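One structure is given below, encoded as structure tokens.
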Protein chains: 2
Amino acid sequence: MSQGRRQLVNDPLDVVAEALSGLARQHAGVLDVHPDPAFVARAADPADSAPRVALISGGGSGHEPLHSGFVGAGMLDAAVPGLIFSSPTAAQVEAATRHVDRGRGVLHIIKNYTGDVMNFGIAAELAGADGIEVARVIVDDDLATDGAGAGRRGTAAVIVVEKACGAAAARGVSLDELVTLGEGIVANARTMALAVEPLTHPGAAQTSFDLADDEVELGVGIHGERGTGRVALQPADALTDQLVDPLLAALALERGERVIAIVNGLGATHPLELAVVFARLGARLDTAGVEIARSLVGTYVSALDMGGVSITLVRADDALLDLWDAPVRTPALRW
Amino acid sequence: MSQGRRQLVNDPLDVVAEALSGLARQHAGVLDVHPDPAFVARAADPADSAPRVALISGGGSGHEPLHSGFVGAGMLDAAVPGLIFSSPTAAQVEAATRHVDRGRGVLHIIKNYTGDVMNFGIAAELAGADGIEVARVIVDDDLATDGAGAGRRGTAAVIVVEKACGAAAARGVSLDELVTLGEGIVANARTMALAVEPLTHPGAAQTSFDLADDEVELGVGIHGERGTGRVALQPADALTDQLVDPLLAALALERGERVIAIVNGLGATHPLELAVVFARLGARLDTAGVEIARSLVGTYVSALDMGGVSITLVRADDALLDLWDAPVRTPALRW
């Protein structure tokens, strides 16, 4: 391994708790951070007192602003953070589920990792035993793991599921309908990522994996998992094409179709780099006759301080775009 | 120098132009990117046709989202990007000044760097010769350069000047009054930064400076300039204190006073790190009896991919907080 990047941490084992304390302080009155079991929920809002389905997501920390940055009006009711790259416990998810329930059911939006699926599942059973109706959408958009034993991993498409289901829930859509909506988005969403620099765990002396000077990890996971292979370091346009072309093929996008596109920095990627990648993505989709109807370009699902980018494409129709455009007021998405 | 971080670039000399192309594409209909001379301006908005003062800022690229991310309703009318870490030309600034002028004058908001001050000054003279009234606010908040020959450098306090003056301009405040407002903010704003990792220029094989394993550059500039000295790598809380305490002293903040606080990542700094620093800042200000009335925590003024943080404190009264809270709709700030 290479020498790790130095970071601003105190006790590396305490970084998640300390960061939650900072989050609580910054967003006092808007977000409540419940300490034990730990979860982040919207503060009580008199303007949002009607019965409706409540939404939860969560997973390992280290991917901020995901998921706590998406808690707020029009999106999640609560986020459940585990330790770095570790699933939250079932007790955390259960506590969050009970907290947000308004009698119309709770939707669990889960990225497809074994620990997350298991712990959200246990929590759903425990809450269900007390009469709280829980349903789930599993997000598995990472094309690099297509055909893998545990199925595809979940990554940035979860933002679109959280945004659209959050908007629909605010409009009073039922739990069953939200599951159908979420699963429809997942079926039409794929992501491909690449790393140009490895990541360093907080306080670690070494990076979590190595890349030679001239290597890029194609299909890298958001925890630094190996992808589909290593390719030579190339200009950004050539690398972007190696993300976009498999996505177009996997989604069988045809001329005249529209997408929501996310160009996501993996942590240490500069806005200039993301803009360069977005420009190439746009040119490539022009050639394919596919319209970028909406886009996000920024660091939304980080992999600690990895260098690199993921591109997510989600096939979009008028109904999805209408949900996307609905007002949202969270720390990381506001319009 | 150490080995540089690999980045997603094509021709390193073309990165700013390519990134502007990506920005134009993402924000089509909201921002217009004028190619030559290059500047980024709000697209025409029928809802904003009244005469008022127009606001411009700019400077070297590599600090994104500054300044192009702050163009939009309630903030800047245009941003003028130079090449990486290089002042824009006077021709660029002049073109932007002519473009945004509505007959009530144009305010130049300039970070205090020799090239920027000179080129904005030339542009002001050229536009002024044609009857466009131009005034300027020079932002010099970097406490690490207090007493330096060229004066203090300008850094993240520029966000507060842009936000408050933008809100005031939208309310019809005159050019002279905006200068008074901006200068008042600058006089009550100071920033301290530190680097834990050096930066890499796009495509460069090596970092732009070196730090030993156990070193932190205290008072680093946003181009990697040397600061007040090197200190030992320490826990985040101890490092945070070394930023906060000089700020409290320099601003002579007294118990019961309020501040706008910005905890700004310098590029590759993770949201978890920034939240840890914000938590400590909050505790430190509690002890000092100073209230954080408003805050930003995120990467707003980057120094390419440097690792580290800056803390900005701005003394705030009701009038400034009212301007801060006014609606803003830009790529990087929205409320």
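Among the residues of the range B:309-335, count how many are of a type in the set (Gly, Ala, Ser) and within 10 Å of chain A (Cβ to nearest Cβ). Before the answer, list the steps.
Applying the first criterion (of a type in the set (Gly, Ala, Ser)) to the range B:309-335 yields B:310, B:316, B:319, B:326, B:332.
From the residues that got through so far, the ones that are within 10 Å of chain A (Cβ to nearest Cβ) too are B:332.
Going through the range B:309-335 one residue at a time, the tally reaches 1.
Checking the structure you have, find out if any residue of the range A:136-143 is in a helix (DSSP H, G or I) and under 30 Å from A:GLU273 (Cα atoms).
As a first pass, look at the range A:136-143 and keep what is in a helix (DSSP H, G or I): A:143.
Subsequent filtering for residues that are under 30 Å from A:GLU273 (Cα atoms) retains A:143.
Yes, the conditions are met somewhere in the range A:136-143.
When B:MET118 is evaluated against the numbered criteria (1) touching a strand residue (DSSP E or B) at 6+ places or on another chain (Cβ under 8 Å); (2) surrounded by fewer than 23 Cβ atoms within 10 Å (Cβ to Cβ); (3) farther than 23 Å from B:VAL33 by Cβ, which criterion, by number, is the only one it fails?
Tallying (1) touching a strand residue (DSSP E or B) at 6+ places or on another chain (Cβ under 8 Å); (2) surrounded by fewer than 23 Cβ atoms within 10 Å (Cβ to Cβ); (3) farther than 23 Å from B:VAL33 by Cβ, B:MET118 fails exactly one: (1).
Of all residues in the range A:271-296, count the ones that are buried (at least 18 other Cβ atoms within 10 Å of the Cβ) and free of Cβ contacts under 8 Å to residues at least 12 places away in the same chain.
Residues that pass the stated criteria total 3.
Restricting the range A:290-308 to residues that are closer than 17 Å to A:ARG258 by Cβ and small (Gly, Ala, Ser), which is nearest to the other protein chains (Cβ to nearest Cβ)?
Within the range A:290-308, the match that is nearest to the other protein chains (Cβ to nearest Cβ) is A:SER295.
May I ask you to list the residues in the range B:1-41 that are among the basic types (Lys, Arg) and in contact (Cβ under 8 Å) with a residue 40 or more places away in the chain?
Initial filter on the range B:1-41 (among the basic types (Lys, Arg)): B:5-6, B:25.
The answer is B:ARG5, and nothing else.
Where residues in the range A:131-150 are of a type in the set (Gly, Ala, Ser) and touching a residue at least 12 places away in the same chain (Cβ under 8 Å), which of them is nearest to A:GLY182 (Cα to Cα)?
Taking the range A:131-150 and keeping what is of a type in the set (Gly, Ala, Ser), we get A:131, A:135, A:144, A:147-150.
Narrowing the set further to residues that are touching a residue at least 12 places away in the same chain (Cβ under 8 Å) leaves A:135, A:144, A:150.
Working: A:ALA135: 11, A:ALA144: 21, A:ALA150: 20 Å.
So, considering only residues that are of a type in the set (Gly, Ala, Ser) and touching a residue at least 12 places away in the same chain (Cβ under 8 Å), the one nearest to A:GLY182 (Cα to Cα) is A:ALA135.
I'd like the full set of residues that are in contact with a Gly (Cβ under 8 Å, 6 or more places away or on another chain) and open to solvent by 30 Å² or more (accessible area, probe 1.4 Å), limited to the range A:85-111.
Within the range A:85-111, A:PHE85, A:SER86, A:SER87, A:THR89 qualify.
Is the range A:7-14 home to any residue that is on the phi < 0 side of the Ramachandran plot, polar (S, T, N, Q), outside any helix (DSSP H, G or I) and within 8 Å of chain B (Cβ to nearest Cβ)?
Of the range A:7-14, the ones on the phi < 0 side of the Ramachandran plot are A:7-14.
With polar (S, T, N, Q) added as a condition, the list becomes A:7, A:10.
Now restrict to residues that are outside any helix (DSSP H, G or I): A:7, A:10.
Filter once more, keeping what is within 8 Å of chain B (Cβ to nearest Cβ): A:7, A:10.
Yes, because at least one residue in the range A:7-14 is on the phi < 0 side of the Ramachandran plot, polar (S, T, N, Q), outside any helix (DSSP H, G or I) and within 8 Å of chain B (Cβ to nearest Cβ).
Give the residue, chosen from B:PRO51, B:PRO37, that is loosely packed, with under 13 Cβ neighbours inside 10 Å and more than 13 Å from every other protein chain (Cβ to nearest Cβ). Quick ask: steps written out before the conclusion?
Values: B:PRO37 fails: loosely packed, with under 13 Cβ neighbours inside 10 Å.
One residue alone meets the criteria, B:PRO51.
Listed residues B:THR312, B:THR299; which is of a type in the set (Ser, Thr, Tyr) and open to solvent by 10 Å² or more (accessible area, probe 1.4 Å)? Break it down into steps so the answer makes sense when it comes.
Values: B:THR312 fails: open to solvent by 10 Å² or more (accessible area, probe 1.4 Å).
Checking each option against the conditions leaves just B:THR299.
This table checks each residue for (1) closer than 30 Å to B:ALA187 by Cβ; (2) modelled with pLDDT under 95.
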{"position": "B:GLN3", "(1), (2)": "no, yes"}
{"position": "B:ARG25", "(1), (2)": "no, no"}
{"position": "B:ALA38", "(1), (2)": "no, no"}
{"position": "B:SER68", "(1), (2)": "yes, no"}
{"position": "B:ASP77", "(1), (2)": "yes, no"}
{"position": "B:ALA95", "(1), (2)": "no, no"}
{"position": "B:HIS99", "(1), (2)": "no, no"}
{"position": "B:ARG102", "(1), (2)": "yes, no"}
{"position": "B:VAL106", "(1), (2)": "yes, no"}
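Has the range B:147-162 got at least one residue that is of a type in the set (S, T, N, Q) and out of contact with any strand residue (DSSP E or B) (no Cβ under 8 Å at 6 or more places or on another chain)?
Let us first name the residues in the range B:147-162 that are of a type in the set (S, T, N, Q), namely B:155.
Cutting the leftovers down to out of contact with any strand residue (DSSP E or B) (no Cβ under 8 Å at 6 or more places or on another chain) gives us none.
No, the range B:147-162 contains no residue that is of a type in the set (S, T, N, Q) and out of contact with any strand residue (DSSP E or B) (no Cβ under 8 Å at 6 or more places or on another chain).
Go through the residues of the range B:151-159 one by one and say whether even a single one is open to solvent by 10 Å² or more (accessible area, probe 1.4 Å), at pLDDT 95 or above, touching a helix residue (DSSP H, G or I) at 6+ places or on another chain (Cβ under 7 Å) and not in a loop (DSSP other than H, G, I, E, B). Quick ask: steps written out before the conclusion?
Within the range B:151-159, the subset open to solvent by 10 Å² or more (accessible area, probe 1.4 Å) is B:151-153.
So of that shortlist, the ones also at pLDDT 95 or above come out as B:152-153.
Now restrict to residues that are touching a helix residue (DSSP H, G or I) at 6+ places or on another chain (Cβ under 7 Å): B:152-153.
Subsequent filtering for residues that are not in a loop (DSSP other than H, G, I, E, B) retains none.
No, because not a single residue in the range B:151-159 is open to solvent by 10 Å² or more (accessible area, probe 1.4 Å), at pLDDT 95 or above, touching a helix residue (DSSP H, G or I) at 6+ places or on another chain (Cβ under 7 Å) and not in a loop (DSSP other than H, G, I, E, B).
Taking the residues in the range A:1-29 that are touching a Ser or Thr at 6+ places or on another chain (Cβ under 9 Å) and among the aliphatic types (A, V, I, L, M) as candidates, determine which candidate is surrounded by the fewest Cβ atoms within 10 Å (Cβ to Cβ).
Checking each candidate, the answer is A:MET1.
Only one of (1) without any contact (Cβ under 8 Å) to a residue 60 or more places away in the chain; (2) surrounded by fewer than 23 Cβ atoms within 10 Å (Cβ to Cβ); (3) under 17 Å from the mean Cα position of the chain (by Cα) fails for A:ALA167. Which number is that?
The one condition A:ALA167 does not meet is (1).
Residues of the range A:206-221 being within 13 Å of chain B (Cβ to nearest Cβ) and either over 23 Å from A:PRO235 (Cβ atoms) or out of contact with any strand residue (DSSP E or B) (no Cβ under 9 Å at 6 or more places or on another chain) (or both), which ones?
A:GLN206, A:THR207, A:ASP210
Mind checking whether some residue in the range B:251-258 is modelled with pLDDT of 95 or more, within 13 Å of chain A (Cβ to nearest Cβ) and surrounded by 19 or more Cβ atoms within 10 Å (Cβ to Cβ)?
No - not one qualifying residue is present in the range B:251-258.
May I ask you to list the residues in the range B:97-130 that are outside any helix (DSSP H, G or I) and either charged (D, E, K, R) or free of Cβ contacts under 8 Å to residues at least 40 places away in the same chain (or both)? Explain how you work it out, then say what you get.
As a first pass, look at the range B:97-130 and keep what is outside any helix (DSSP H, G or I): B:101-113, B:130.
Within the range B:97-130, B:ASP101, B:ARG102, B:ARG104, B:LYS111, B:ASP130 qualify.
What single numbered condition from (1) more than 10 Å from chain B (Cβ to nearest Cβ); (2) of a type outside the set (Gly, Ala, Ser); (3) at negative phi fails to hold for A:GLN26?
That leaves (1) as the condition not met.
Would you check if A:ALA193 is crowded, with 18+ Cβ neighbours inside 10 Å, in contact with a strand residue (DSSP E or B) (Cβ under 8 Å, 6 or more places away or on another chain), assigned to a helix (DSSP H, G or I) and among the small types (Gly, Ala, Ser)?
Details: crowded, with 18+ Cβ neighbours inside 10 Å: yes; in contact with a strand residue (DSSP E or B) (Cβ under 8 Å, 6 or more places away or on another chain): yes; assigned to a helix (DSSP H, G or I): no; among the small types (Gly, Ala, Ser): yes.
Criteria not met by A:ALA193.
So is A:ALA73 open to solvent by 10 Å² or more (accessible area, probe 1.4 Å) and within 20 Å of A:LEU296 (Cα to Cα) or not?
Details: open to solvent by 10 Å² or more (accessible area, probe 1.4 Å): yes; within 20 Å of A:LEU296 (Cα to Cα): yes.
When the stated conditions are applied, A:ALA73 passes them.
Taking the condition of being assigned to a helix (DSSP H, G or I), of a type outside the set (Val, Ile, Thr) and farther than 19 Å from A:ALA332 by Cβ, how many residues in the range A:160-190 meet it? Lay out the reasoning, then the answer.
As a first pass, look at the range A:160-190 and keep what is assigned to a helix (DSSP H, G or I): A:160-170, A:175-187.
Those still in the list that are of a type outside the set (Val, Ile, Thr) too: A:162-170, A:175-178, A:181-184, A:187.
Checking which are farther than 19 Å from A:ALA332 by Cβ leaves us with A:168, A:175-178, A:181-184, A:187.
The qualifying residues number 10.
Residues being under 13 Å from the mean Cα position of the chain (by Cα) and among the small types (Gly, Ala, Ser): count how many of those fall in the range B:40-80.
The initial filter retains those residues of the range B:40-80 that are under 13 Å from the mean Cα position of the chain (by Cα), namely B:56-71, B:75-76, B:79-80.
Still in the running and among the small types (Gly, Ala, Ser): B:57-62, B:68-69, B:79.
Total meeting the criteria: 9.
The values are calculated or read from the model by the stated rules, or taken from the named source; none is laboratory data. Keep in mind that this is a model prediction, so the values were computed, not measured. Every residue, glycine as well, gets a Cβ built from its backbone with ideal geometry; the counts of neighbours run over all protein chains shown. Note: areas computed on protein heavy atoms with side chains; ligands, DNA, RNA excluded. Shrake-Rupley method; radii C 1.70, N 1.55, O 1.52, S 1.80 Å.
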